[in-house]
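Below is one structure, written out as C-alpha cells; the observations come after it.
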Amino acid sequence: MTKIERTYARIVQSAQMLNENYRQQYGKSIQIQDIATTLLCTEELVLESMEYFERPQLT
C-alpha cells in the first residue's frame with residue numbers, strides 16, 4: 001500500500017467512525033463538510049478518498 005493509499009484509508013476509516021457516532025447521537029448521517037472540518041482537510045479530499053476505495057482496484 002502506498003503512502004497516499006494509507007492516507008485515503010485513514011480518512012475513510014475516520015469518516016466512517018464519525019458518521020456512526022453522529023448517527024447514534026442524531027439519527028442521521030454527518031455531512032461531508034463536518035467530516036472535513038473535524039479531520040482538518042478539504043471536502044474534496046474526503047470525497048476523493050471515499051471514491052478511491054469504492055472503485056474496483058486493478059491488480
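Observations on the model:
- Rounded to the nearest Hz, the phi-derived 3J(HN,Hα) couplings of region 37-49 under the Karplus curve 6.51 cos²θ - 1.76 cosθ + 1.60 (θ = phi - 60°) are 4, 5, 8, 6, 9, 8, 4, 4, 5, 4, 5, 4, 5, where x marks glycine and proline.
- Centroid-to-centroid, using Cα positions, region 29-59 and region 10-26 are 12 Å apart.
- Taken one residue at a time, the phi angles of region 17-25 give Karplus couplings (6.51, -1.76, 1.60, θ = phi - 60°) of 5, 4, 5, 4, 4, 5, 4, 5, 7 Hz. Gly and Pro are set to x.
- Potential lengthening of the chain between GLN31 and ARG55 amounts to 6.5 nm, from the contour at 0.36 nm per residue minus the alpha-carbon distance.
- Mean separation of Cα contacts under 8 Å, 6 or more apart, over the residue count of the chain: relative contact order %: 34
- Among 3-10, 15-22, sorting by the average number of other beta carbon atoms lying within 10 angstrom of each residue, highest first, gives 15-22, 3-10.
Laboratory data are not the source of any read-out in this text; all were calculated from the coordinates shown. On a predicted model such as this, the values are computed, not experimentally measured, just so you know. Methodologically, a virtual Cβ is constructed for each residue, glycine included, from the backbone with ideal geometry; neighbour enumeration extends over all protein chains shown.
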